[in-house]
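K.L.:
Let me begin by handing over the structure; questions about it come next.
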Amino acid sequence: MKYCLAIVVAWMLLQPAYAQAPQLGKNTIKEVIAAMTLEEKAKLLVGNGFSLPGMKPPGGPVVGETQDKVPGAAGTTFAIPRLGIPSIVVADGPAGVRIDSVRKTEPGKTFYATAWPVGTLLASTWDTALVRKVGVAFGNEVREYGIDILLAPALNIHRNPLGGRNFEYYSEDPVISGNIAAAMVNGVESNGVGTSIKHYAANNQETNRNTVNTIVSERALREIYLKGFEIAVKKSQPWTVMSSYNYINGAYASESYDLLSTILRKEWGFKGFVMTDWFGGKDAAAQIKAGNNLLMPGTAQQSQAIIDAVKTGALDVKVLDENVAGILQVIVQTPTFKGYKFSNNPDLKKDAGISRMAAAEGMVLLKNNDKALPLKNVHNVAVFGNTSYDIIAGGTGSGDVNKAYIVSFVKGLTNSGYNPDADLANTYTEYLRTERIKHPKKGFFQEFMNPTPPIVEMLVANDVIAQKAAQDDIAIITIGRNAGEGRDRKLENDFNLSDTEQLMIKNVTAAFHAQNKKVIVVLNIGGVIETASWSAEPDAILLAWQPGMEGGNAITDVLSGKVNPSGKLATTFPVAYNNVPSANNFPGKEFPEKATTGMMGMKAIPAEVTYGEGVYVGYRYYNTFHVQPAYEFGYGLSYTSFNYGKLALSSNTFNGKITATVIVTNTGTVAGKEVVQLYISAPAKKLDKPAEELKGFAKTNLLQPGKSQTISFTINVEDLVSFDTQSTSWIAEAGNYTVKICASSKNIKTTAAFSLAKELVTEKDNKVLAPAAAISELKP
Ligand code: BGC
């Protein structure tokens, strides 16, 4: 066999085509491209296809070895061996390396990956160093499983709490989103693998995600929906960007030159390549012209369409070459190109520890009356709620991951020496078992098309609750929610609690309070829910988010006081859904009479959504319009307390930059960390401005009681500007600016002012992506 191979290779080398063909890595990219045929170019620009068990690949047969190298990965690129161009592998996603956990070819071996806490939890740490650390561990798994590019992080804005993929995303604020994403990219890519920041851009809903036309003003687009991507590109220069499914002001994101070339490359200086979201957009030639280098997962028709467009003159071959060059520049950096021998054996034990640590750091203590937490003198715990026994580690869809195990909440309690009530545990376990039988496990695609409904909360009888209140030391109730790709969440029984959940909280609280015992609610959710109607009842509420595979341990770490909570909300919890600024404009209008057949044979209903709230998203709205939220952006309690000294500014007039300094002291009795937030209130004469905007954040070290730390921020001119649509430039108005150092968007600790003598214009941008007609936007 070896001899045969050697003979074939020797024969190939003697052939003129092989002997003379330039080789990627040895010759310049220009020379390699010059040697490529039109067909080769058209194939390199299109992925190798996609196949799911039980499903025919759309658009004809798979043209390459999609699933061979890493089964379960989302896609591969086309290999051109004669030019030394290998096929590289891309895999999802934000929650962990998403690949098949078992392989027919290697029976007995498993390929599990770490399930990290969801994006929203990571953002709630407000800790870029920690997120980078997660990224370093995550990227190592990417590399050791033979993957070249991770399809993450995802950083679309939480425009509306019902967004089905909000759990994958970071925040309602672009400064948090962009900085957390940059930290993740830098961490992952430190392993010599790539990332794909997604979904660029304004992909803020799942309803009609492939057809919706997002109608948004230039200012809101630039300040809110693009800003996070801009920060991430400038601070981390990711290898790739994934364009989104939706249209923006009439143009498909993946077909928009303005979005992918003018803004991303020319204005921001992005150097990597752009790939489509899976089957995104319609017109292959238009995508290539727009600068969308790689069409994923790729169909034979797309390659053909590109060839045809070149032949008819509709697509210049020079444009093809630029796109090919973008891909090749990344390929030469990949582990595959470098011949890296991956182990298929990352250190999952070590990573589980990092996942647990990160999870605890991003949990947010929402309420803690009379120091109900950390748990004291507690041994026997009455644990209520389905998800106490069946924790939701992360959301569904491509943001899911095949993990080896999940530590449930009750298991976490047991691991730490608590004693969950066995009788309740048996009842719940039996209930969940019988309910699960009613819904046999489905394949990924079947589940995607027709998701299994969540198991309805079990109502425990009042006499049982009373018995538990007499026997056990405390009650802990978990409320759980799941969501994912393909659909948005619902208002009833999802954003709002179900009647059974409300009753469970009421009945358990009444019975335990009657015994002078405390009740804790743990929220195991990926997105925001309503809390105002029931939050008065329990003594404490811990927002645990969807904390990854070590969730039960991490929750117990916080409840027990082993970890002092230091997470803060990166997204607002409104009092009611009607208070949400986009409530009347989400998920928009549908035009069913114009329905066609779209991606993977699914019905495609044209739709549009108008971002009528403009820049007033999240706390920018609640603060400016004086709408009281349930828990505001930036909010979170600790087991200790902090004192903020007086804010000192390096100058009270702005001359290019100002340093803001504040001393934070732990004034409580236990060690803790504080998230310090810097907001600016700017003059609003020419342009309306949100009352406050976050411009900086920092987390202290773990401060021992009595210890202080000096925190410094640099305020640059970019922190003062807003986008002026008329002049398409970023301007800082002359006048007085107030710097507010805060413990949340409403909890101002210390302020100082400076003035700007003359209006400054920092950057003149291109007039692109304007809506067809002016939008009537919300104004203060
Ligand atoms: C998702 C992307 C994902 C891709 C590949 C798409 O449906 O929107 O986030 O990376 O599939 O799995």
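The values are calculated or read from the model by the stated rules, or taken from the named source; none is laboratory data. Model, not experiment: these values are computed from the prediction. Methodologically, a virtual Cβ is constructed for each residue, glycine included, from the backbone with ideal geometry; neighbour enumeration extends over all protein chains shown. Quick note on the areas: whole protein, heavy atoms, side chains included, nothing else; ligands and nucleic acids left out. Shrake-Rupley method; radii C 1.70, N 1.55, O 1.52, S 1.80 Å.
K.L.:
Please give the net charge around residue 307, taking every other residue with its beta carbon less than 12 angstrom from that of residue 307, where Lys and Arg add +1 and Asp and Glu add -1.
P.N.:
Local net charge: 0.
K.L.:
Which one, 116, 571, 596, projects farthest toward the positive side of the charge dipole computed for the chain from Cβ point charges (K/R +1, D/E -1)?
P.N.:
Ranked along the dipole, the leading option is 116.
K.L.:
Counting Lys and Arg as +1 and Asp and Glu as -1, each charge on the Cβ, what is the dipole of the stretch 421-546 about the Cα centre in debye, to the nearest 20?
P.N.:
My answer is approximately 360 debye.
K.L.:
Can you work out D for the stretch 63-137 in µm² s⁻¹ from Stokes-Einstein, where Rh is the Kirkwood radius over C-alpha pairs, the temperature is 25 °C and the viscosity is 0.890 mPa s?
P.N.:
In µm²/s, the coefficient rounds to 167.
K.L.:
While we're here: One quarter of the convex hull surface, Cα atoms only: what value does that give for the stretch 136-225 in nm²?
P.N.:
6.3 nm²
K.L.:
Any idea what log10 I(q)/I(0) is at q = 0.18, 0.23 Å⁻¹ for the stretch 618-697, Debye with uniform C-alpha scatterers and no solvent?
P.N.:
Those come out to -0.99, -1.19, one per q.
K.L.:
Looking at the square roots a ≥ b ≥ c of the eigenvalues of the Cα gyration tensor of the stretch 425-557, which shape do they give, rounded for a/c under 1.5, prolate if a/b is larger than b/c, or oblate?
P.N.:
Prolate shape, in that a/c is at least 1.5 and a/b is the bigger ratio.
K.L.:
Okay, moving on. When the accessible area of the stretch 215-319 is split by element with a 1.4 Å probe, what percent falls to carbon and sulfur?
P.N.:
That fraction is 55 percent.
K.L.:
Per residue, how many Å² of accessible area does the stretch 122-253 show with a 1.4 Å probe?
P.N.:
On a per-residue basis, the stretch 122-253 sits at 15 Å².
K.L.:
Could you check how much of the accessible area of the stretch 450-564 is carbon and sulfur, as a whole percent, using a 1.4 Å probe?
P.N.:
51 percent
K.L.:
Across the stretch 772-780, in residue order, what do the Karplus-derived ³J(HN,Hα) couplings come to in whole Hz, using 6.51 cos²θ - 1.76 cosθ + 1.60 with θ = phi - 60° and x for Gly and Pro?
P.N.:
Ordered by residue, 3J(HN,Hα) equals 4, 10, 4, 9, 7, 9, 4, 10, x Hz.
K.L.:
Explain nothing, just the number: dipole magnitude of the stretch 177-248 about its Cα centre with +1 on each Lys and Arg Cβ and -1 on each Asp and Glu Cβ, in debye rounded to the nearest 20.
P.N.:
So the dipole magnitude of the stretch 177-248 works out to roughly 80 debye.
K.L.:
Determine the share of the stretch 649-779's accessible area contributed by carbon and sulfur atoms, expressed in whole percent, with a 1.4 angstrom probe.
P.N.:
It is 48 percent, rounded to a whole number.
K.L.:
Let me know the charge dipole size of the chain about its Cα centre in debye, to the nearest 20, where only the beta-carbon of Lys, Arg (+1) and Asp, Glu (-1) is charged.
P.N.:
1380 debye
K.L.:
In addition: When ligands, DNA and RNA are left out and all protein chains stay put, how many square angstrom of accessible area per residue does the stretch 514-561 have with a 1.4 Å probe?
P.N.:
On a per-residue basis, the stretch 514-561 sits at 18 Å².
K.L.:
Same structure again: Residue by residue through the stretch 149-163, what is 3J(HN,Hα) from phi via Karplus (6.51 cos²θ - 1.76 cosθ + 1.60, θ = phi - 60°)? Round to whole Hz and write x for glycine and proline.
P.N.:
Once θ is set to phi - 60°, the couplings for the stretch 149-163 become 9, 8, 7, 5, x, 9, 9, 5, 7, 6, 6, 9, x, 7, x Hz.
K.L.:
Let me ask something additional. Could you work out the Rg to Rh ratio of the stretch 527-630, with Rh taken as the Kirkwood radius (inverse of the mean 1/r over all Cα pairs)?
P.N.:
1.12
K.L.:
Can you tell which of 274, 368, 712 lies farthest toward the positive end of the dipole of the chain, using +1 and -1 charges on the Cβ of basic and acidic side chains (Lys, Arg; Asp, Glu)?
P.N.:
My answer, from the dipole projection, is 712.
K.L.:
Find the Rg to Rh ratio for the stretch 652-774, where Rh is the Kirkwood radius over alpha-carbon pairs and Rg uses the same atoms.
P.N.:
1.08
K.L.:
Further, regarding this structure: Can you give the translational diffusion coefficient of the stretch 271-348 in µm²/s, computed by Stokes-Einstein from the Kirkwood radius over Cα pairs at 4 °C and 1.567 mPa s?
P.N.:
D, rounded to a whole number, is 93 µm²/s.
K.L.:
Give me Rg/Rg_expected for the chain, where Rg uses Cα atoms only and Rg_expected = 2.2 N^0.38 Å with N residues.
P.N.:
0.97
K.L.:
Tell me the relative contact order for the stretch 191-245 as a rounded percent, counting alpha carbon contacts under 8 Å between residues six or more apart.
P.N.:
69 percent
K.L.:
For the stretch 587-658, just the Cα set please: Rg and Dmax, both in angstrom.
P.N.:
Calculated on Cα positions, Rg and Dmax stand at 23.2, 62 Å.
K.L.:
Can you list residues whose amide H is under 5 Å from residue 749's amide H, if they're 5+ apart or on another chain and H is modeled 1.01 Å from N?
P.N.:
741, 742, 743
K.L.:
In deg cm²/dmol, rounded to 500, what helix-only [θ] at 222 nm does the chain give when every DSSP H run of at least 4 residues adds -39500 (n - 2.57) and the total is split over its residues?
P.N.:
Mean residue ellipticity at 222 nm (helix-derived): -8000 deg cm²/dmol.
K.L.:
Using just the alpha carbons, could you tell me how many Å³ per residue the convex hull of the stretch 456-516 encloses?
P.N.:
81 Å³
K.L.:
Of 427, 396, 346, whose Cα points farthest to the positive end of the dipole of the chain (charges on the beta-carbon: +1 Lys, Arg; -1 Asp, Glu; origin at the Cα centre)?
P.N.:
My answer, from the dipole projection, is 346.
K.L.:
Against the longest principal axis of the chain, how steep is helix 348-361, in degrees 0 to 90 to the nearest 10, with axes from Cα atoms?
P.N.:
That helix lies at roughly 50 degrees to the long axis.
K.L.:
For the stretch 353-452, how big is Rg over Rh, using alpha carbon atoms and the Kirkwood form of Rh?
P.N.:
The Rg/Rh ratio comes out at 1.01.
K.L.:
Could you state the accessible area per residue of the stretch 334-399 in Å², with a 1.4 Å probe and every protein chain left in place?
P.N.:
About 40 Å² of surface per residue is accessible.
K.L.:
A follow-up question, please. Quick check: residue separation of residue 750 and residue 103 times 0.36 nm, minus the Cα distance between them. What number comes out in nm?
P.N.:
The span from residue 750 to residue 103 would gain 227.1 nm if fully extended.
K.L.:
Mind putting together the pair-distance distribution for the stretch 308-386? All Cα pairs, 5 Å bins, whole percent per bin, short to long.
P.N.:
For the stretch 308-386, the binned pair fractions read 3, 9, 8, 9, 10, 9, 8, 6, 6, 7, 9, 6, 4, 3, 2, 1 percent.
K.L.:
Hey, what D do you get for the stretch 219-296 in µm²/s if you plug the Kirkwood alpha-carbon radius into Stokes-Einstein at 25 °C and 0.890 mPa s?
P.N.:
The estimated diffusion coefficient comes to 199 µm²/s.
K.L.:
Mean separation of Cα pairs under 8 Å and 6+ residues apart, divided by the residue count of the chain: what relative contact order is that in percent?
P.N.:
14 percent
K.L.:
Residue 720: net charge of surrounding residues, Cβ under 11 Å, Lys/Arg +1, Asp/Glu -1, itself excluded?
P.N.:
-2
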